[in-house]
């Protein structure tokens, strides 16, 4: 059985990036690749080969859904679960994000202590355990 090790985080806010990195790398023990926007994620993802992507929805260069579409165009990213990070938590907004092919949605502000466990659940739900 595979274990979740590599997480690509895409977040434009430097304070939230710092919290994400602390939460996932220090508390969760994951190897984390931090990106400050969609273009950076598209460039780094094929080299990093993440097992899960944590993707902000509202960013200045590319939106989360635009970034997800671009990431899916890379063959190596086809089956990788993507979890959106968003401050918008209305049920219709969450449903719309899931329609883009995301495995799940985590609402900001998130609990940094629980985040490593939360993404593992989404990873398992998203097919991360399959060989």
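Rank by packing, highest mean first: peptides 7-13, 41-47, with packing defined as the count of other Cβ atoms within 10 Å averaged across residues.
The densest-packed peptide leads the list: 7-13, 41-47.
Extension gain for the segment residue 6 to residue 88, taken as residue separation times 0.36 nm less the Cα-Cα distance, is 26.9 nm to one decimal. Springs between alpha-carbon atoms under 10 Å, Gaussian network over the chain: tell me which of 112, 81, 91 tops the mean-square fluctuations. Of 112, 81, 91, the Gaussian network model singles out 91 as fluctuating most. Modelled spin labels at residue 117 and residue 72, positioned 7 Å past Cα toward Cβ, are 3.1 nm from each other.
Ranked by how many other Cβ atoms sit within 10 Å of their own Cβ, fewest first, the residues 19, 119 fall in the order 19, 119.
Between residue 47 and residue 31, the simple spin-label model (points 7 angstrom out along Cα→Cβ) gives 1.4 nm. Taking the centroid of alpha carbons for each part, region 87-127 and region 1-54 are 15 Å apart.
Between residue 61 and residue 124, what length comes free when the chain is fully extended (0.36 nm per residue of separation minus the Cα-Cα distance, one decimal in nm)? Working shown, then result.
On the way: separation 63, 0.36 × 63 = 22.68 nm, distance 3.01 nm.
Contour length minus Cα-Cα distance gives 19.7 nm.
Taking 1.306 mPa s as the viscosity and 10 °C as the temperature, the Stokes-Einstein diffusion coefficient of region 4-73 based on its alpha-carbon Kirkwood radius rounds to 134 µm²/s. Our summary gives the chain a relative contact order of 27 percent, counting only alpha carbon pairs under 8 angstrom and 6 or more residues apart.
Bear in mind that the values in this text are calculations on the coordinates, not laboratory data. Computed from a prediction, not measured in an experiment: that's the story for all the values here. Positions of Cβ are generated from backbone atoms using ideal geometry, with glycine treated the same way; all protein chains shown enter the neighbour counts.
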